[in-house]
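Take a look at the structure below.
The values are calculated or read from the model by the stated rules, or taken from the named source; none is laboratory data. Source: prediction; values computed, not measured. Reconstructed Cβ throughout: ideal geometry from the backbone, glycine too, with neighbour counts over all protein chains shown.
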Amino acid sequence: MTEQAERQGWMGLLARAPAAELKRLWQAAGGAEGFAWLRPPEVGTVMVRGRTGGTGAPFNLGEMTVTRCALRLESGAVGHAMVQGRDREKAEIAARVDAGMQGAGAAGLRAALLAPLAQAEAQRARLRAAKADATRVDFFTMVRGED
């Protein structure tokens, strides 16, 4: 996996994580390295695009509220974040984790934060799939005996 793809993976995981769970894990990890804002958290909107049938021509579906920020840790690592909604604290934590993952503490952050978030996300996906599977209808064709 390339470095860019790996970073996209953890940034996506941080953006999708429930805010309360991310904040709880961050506090438990005790990540307290100082930082300076490059871009303080700001709320805005982005256009969400869709495709008909998943492969058709793209169209504008609507706007979504997001919060983004950028910061530099005292160690010099730069972190960025963009999260859905208006949660400035979640965006700050995500940016701090992004910056921390680019330094020597990456293994500790991966074990303390990213692994539990990934496990929780996988569990939510399994529950969602099980719930959908419970409503599935299996269609079958009965042989009429005319052949």
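Only one of THR67, THR45, THR52 is hydroxyl-bearing (Ser, Thr, Tyr), farther than 24 Å from GLY9 by Cβ and touching a residue at least 12 places away in the same chain (Cβ under 8 Å); which? Spell out the reasoning first.
Numbers: THR67 fails: farther than 24 Å from GLY9 by Cβ; THR52 fails: touching a residue at least 12 places away in the same chain (Cβ under 8 Å).
THR45 is the lone residue from the list that is hydroxyl-bearing (Ser, Thr, Tyr), farther than 24 Å from GLY9 by Cβ and touching a residue at least 12 places away in the same chain (Cβ under 8 Å).
When the residues of region 98-109 are filtered to those that are of a type in the set (Gly, Ala, Ser) and closer than 13 Å to GLU33 by Cα, which remaining residue is surrounded by the most Cβ atoms within 10 Å (Cβ to Cβ)?
Checked region 98-109; the qualifying residue surrounded by the most Cβ atoms within 10 Å (Cβ to Cβ) is ALA99.
Only one residue in GLU63, GLU74, GLU89, GLU42 is among the acidic types (Asp, Glu) and in contact with a strand residue (DSSP E or B) (Cβ under 6 Å, 6 or more places away or on another chain). Which one? Steps first, please.
Details: GLU74 fails: in contact with a strand residue (DSSP E or B) (Cβ under 6 Å, 6 or more places away or on another chain); GLU89 fails: in contact with a strand residue (DSSP E or B) (Cβ under 6 Å, 6 or more places away or on another chain); GLU42 fails: in contact with a strand residue (DSSP E or B) (Cβ under 6 Å, 6 or more places away or on another chain).
Exactly one residue qualifies, and that residue is GLU63.
Can you name the condition, by its number, that GLY31 falls short on among (1) touching a Leu at 6+ places or on another chain (Cβ under 9 Å); (2) modelled with pLDDT of 95 or more?
(2)
Which of (1) out of contact with any His (no Cβ under 7 Å at 6 or more places or on another chain); (2) under 19 Å from LEU13 (Cβ atoms); (3) of a type in the set (A, V, I, L, M); (4) buried (at least 17 other Cβ atoms within 10 Å of the Cβ) is the odd one out, the single condition ALA95 does not satisfy?
(1)
Quick one: in region 26-52, of everything that is in a strand (DSSP E or B) and surrounded by fewer than 10 Cβ atoms within 10 Å (Cβ to Cβ), which residue is nearest to the chain's Cα centre (by Cα)? Break it down into steps so the answer makes sense when it comes.
Residues of region 26-52 that are in a strand (DSSP E or B), as a first pass: 35-51.
Subset that is surrounded by fewer than 10 Cβ atoms within 10 Å (Cβ to Cβ): 36, 47.
Numbers: ALA36: 23, MET47: 18 Å.
Among those that are in a strand (DSSP E or B) and surrounded by fewer than 10 Cβ atoms within 10 Å (Cβ to Cβ), it is MET47.
Restricted to region 63-84, and to residues that are charged (D, E, K, R) and loosely packed, with under 15 Cβ neighbours inside 10 Å, which residue is farthest from ALA106 (Cα to Cα)?
Quick first cut of region 63-84, residues charged (D, E, K, R) only: 63, 68, 72, 74.
Subsequent filtering for residues that are loosely packed, with under 15 Cβ neighbours inside 10 Å retains 63, 74.
Numbers: GLU63: 34, GLU74: 15 Å.
Of everything passing the filter in region 63-84, GLU63 is farthest from ALA106 (Cα to Cα).
In contact with a strand residue (DSSP E or B) (Cβ under 9 Å, 6 or more places away or on another chain) and not acidic (Asp, Glu) - does that describe any residue in region 108-116?
As a first pass, look at region 108-116 and keep what is in contact with a strand residue (DSSP E or B) (Cβ under 9 Å, 6 or more places away or on another chain): none.
No: region 108-116 contains no residue that is in contact with a strand residue (DSSP E or B) (Cβ under 9 Å, 6 or more places away or on another chain) and not acidic (Asp, Glu).
Considering only residues that are touching a helix residue (DSSP H, G or I) at 6+ places or on another chain (Cβ under 6 Å) and aliphatic (A, V, I, L, M), look in region 23-51 and name the one that is farthest from ARG86 (Cα to Cα).
ALA29
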